[in-house]
Amino acid sequence: MTASTITPPAYAKLILHAAKYPSVSVFGVLLGPSSGSITDAVPVVHDFVALSSFLEAALEQIKIHAARTQTRIVGLYVANQLLEDVSVGPLAAKVGLEVDKLAGGNSVLLVVDNAKLLEPESDLGLLAFKEASGAWKPVSNGITLNGKVWETVQTLKDCVEKDKQTLIYDFSNHLDDPSLDWLNNGAFVDAFQKS
Amino acid sequence: MLLEAQGQYEDALELYNAALKQDETYAPIIKRKVAVLIDQGKTHDAITALTHYLDHFHADLEAWTTLSQVYLRSQMFQQAAFALEECMIMGGFNFLYHIRYAEVNMTLNRPAVALKYFCSAVEVTESGGGALRAWYGVRQASHALLENHNKVSLGNTGSNPKQSGKKGAVAAASHGIQESVDNDVVSPEEWKALNALAGERIEAIYKAKKVSTENIEVVKGWLNTVSA
């Protein structure tokens, strides 16, 4: 199983989505030009629970958005509610299989290692899993950053200090206020790139 | 609570249990105990403690809300629905309970019940922005009902369409509250009308909020997948 790569802006979005909601789980979808290459992350929900109609609407809209921006669904990310929980829970596994179908197979499931979030700066704090026979198997060294790890993590720590994670909007935020751009999160990307 | 914040759960629990020995009905401490159990990941124990608490302090909306969240996170949908019903009795003015109840019913494959509560959520919501979640649900639930109806009536040629619609809703649903819905007279025509209305309302909300054209196109594309 080969490793996946992720760009700093995509990494930033998923980490800060988790940082924005430290007391609950989060879930989002990963996009990229081809499987194994992650260039964007779309945050879907905080407090990840099995509400089928909500999740279906999110996945369908991401699918349409990906087609319109010449990109593909290549995986998903989750951060669990409890600090030391780095497992692929039953809901993540199930939704993961749906996302894998949308990706046409070979997708990657990233679990955020909450305890390693932004500390140490040398660690991405992510665990990678790939689907095999209907289950998610861990891939050691399964995810690398397409950039400098230490600098990126430093920038993110800085962002959190300045409360930039509040600029990350997920589909749930969008339903409360449709002017929030959950598909692109352009405002956050600008702030991140300026740091 | 300091011990809780430091992650020393067992020590915190010892303190709480000692306090409860002095007065076993002191509600705030019982609730802290539940919070500790949830943080420890001891879901089963948390549920036992919380339901025991609610047996004695029935009218605690916050506790019922917490219980519904714990059930939902443990994929216990039937129980979550029950807890949300209690929430709606006490807090029926809060559209979020209606919506969550409706969403749980969608997960339980009961689109008829879901549709009712997405509609009641619309009624209870004041601003158009808050109702977006509800209109999304009306669109999805009405679409699901029409899909089931079409599947059933394809094998039911010649029978009364109103009846097969109800049969379709029954066939698609599981037991329980569904029985009370059988006496409803909502028909496929009304599902289609609600579906169309939801689409109109959703597009109107997006336009009013001056959402980007790109985003509106994505939403329109999605609306097509859940149309009548």
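For segment A:13-79 versus segment A:126-164, the spacing of their alpha-carbon centroids is 14 Å. Rounded to the nearest 0.05, the FRET efficiency derived from the C-beta distance between A:N141 and B:N150 at R0 = 56 Å is 0.65.
Looking at chain A, do any whole DSSP H helices span at least 15 angstrom along their long axis by alpha carbon and average 0.0 or above on Kyte-Doolittle, and which? Walk me through the numbers before you get to the answer.
Values: long enough: A:8-20 (17 Å, 0.29); A:52-68 (24 Å, 0.17); A:90-103 (19 Å, 0.60); A:149-161 (18 Å, -0.10).
Those that pass (Cα extent of 15 Å or more, hydropathy at least 0.0) are A:8-20, A:52-68, A:90-103.
Work out the length of the dipole vector of segment B:30-143 about its Cα centre, built from +1 on the beta-carbon of each Lys and Arg and -1 on the beta-carbon of each Asp and Glu, and round it to the nearest 20 debye.
Working: 10 positive and 10 negative charges, 59 e Å.
For this selection, approximately 280 debye.
Partner lysines whose Cα lies under 27 Å from the Cα of A:K194, excluding those fewer than 8 positions away in the same chain, are identified as A:K13, A:K20, A:K116, A:K148, A:K157, A:K162, A:K164, B:K210.
For chain A, averaging the sequence separation of C-alpha pairs within contact (under 8 Å, six or more residues apart) and dividing by the residue count gives a relative contact order of 24 percent.
What accessible area, summed over both chains, is buried at the A-B interface (1.4 Å probe, Å², nearest 100)?
Numbers: alone 9090 and 12870 Å², together 19360 Å².
Adding both sides of the contact gives about 2600 Å².
Computed over protein heavy atoms with a 1.4 Å probe, the carbon and sulfur contribution to the accessible area of the protein assembly as shown reaches 54%. Between amide H atoms placed 1.01 Å from N, distances below 5 Å from A:L31 occur with A:T39, A:D40, A:A41, A:V42, A:V74, all of them 5 or more places distant or on a separate chain. What shape does the protein assembly as shown have by the C-alpha gyration tensor, where a ≥ b ≥ c are the square roots of the eigenvalues, rounded means a/c under 1.5, and otherwise prolate means a/b greater than b/c and oblate the rest? Oblate, since a/c reaches 1.5 and b/c is not below a/b. Were the residues from A:T2 through A:S179 laid out at 0.36 nm apart, the gain over their Cα-Cα distance would be 59.8 nm.
Using a simple charge model, +1 on the beta-carbon of Lys and Arg, -1 on the beta-carbon of Asp and Glu, nothing else, what dipole does the protein assembly as shown show about its Cα centre, in debye to the nearest 20?
Numbers: 36 positive and 48 negative charges, 275 e Å.
For this selection, approximately 1320 debye.
Note on the protein assembly as shown: dipole from Cβ charges, positive end direction compared against B:A208, B:L72, A:A66; the farthest Cα belongs to A:A66.
Measuring with a 1.4 Å probe in the full set of protein chains, what accessible area per residue, in whole Å², belongs to the protein assembly as shown? Can you show the working numbers first?
On the way: 19360 Å² over 423 residues.
Ligands and nucleic acids excluded, the figure is 46 Å² per residue.
So how much slack lies between A:D190 and A:D85, counting 0.36 nm per residue of separation and subtracting their Cα-Cα distance, in nm? Can you show the working numbers first?
Values: separation 105, 0.36 × 105 = 37.80 nm, distance 3.19 nm.
Full extension from A:D190 to A:D85 adds 34.6 nm.
Positive end of the dipole of segment A:101-176 (Cβ unit charges, origin at the Cα centre): among A:N173, A:S133, A:P120, the Cα lying farthest that way belongs to A:S133.
In segment B:26-107, which trypsin sites (Lys or Arg not before Pro) fall in coil by DSSP and have 16 or fewer other Cβ atoms within 10 Å? Don't skip to the answer; put the middle values down first.
Values: sites: B:K31, B:R32, B:K33, B:K42, B:R73, B:R100; in loops: B:K42.
Filter output for segment B:26-107: B:K42.
The values are calculated or read from the model by the stated rules, or taken from the named source; none is laboratory data. Bear in mind the structure is a predicted one, so any value in this text is a computation, not a measurement. FYI the Cβ positions are ideal-geometry reconstructions off the backbone, even for glycines, and counts take in every protein chain you see. These accessible areas exclude ligands, DNA and RNA; they are computed on the full protein's heavy atoms, side chains included. Shrake-Rupley method; radii C 1.70, N 1.55, O 1.52, S 1.80 Å.
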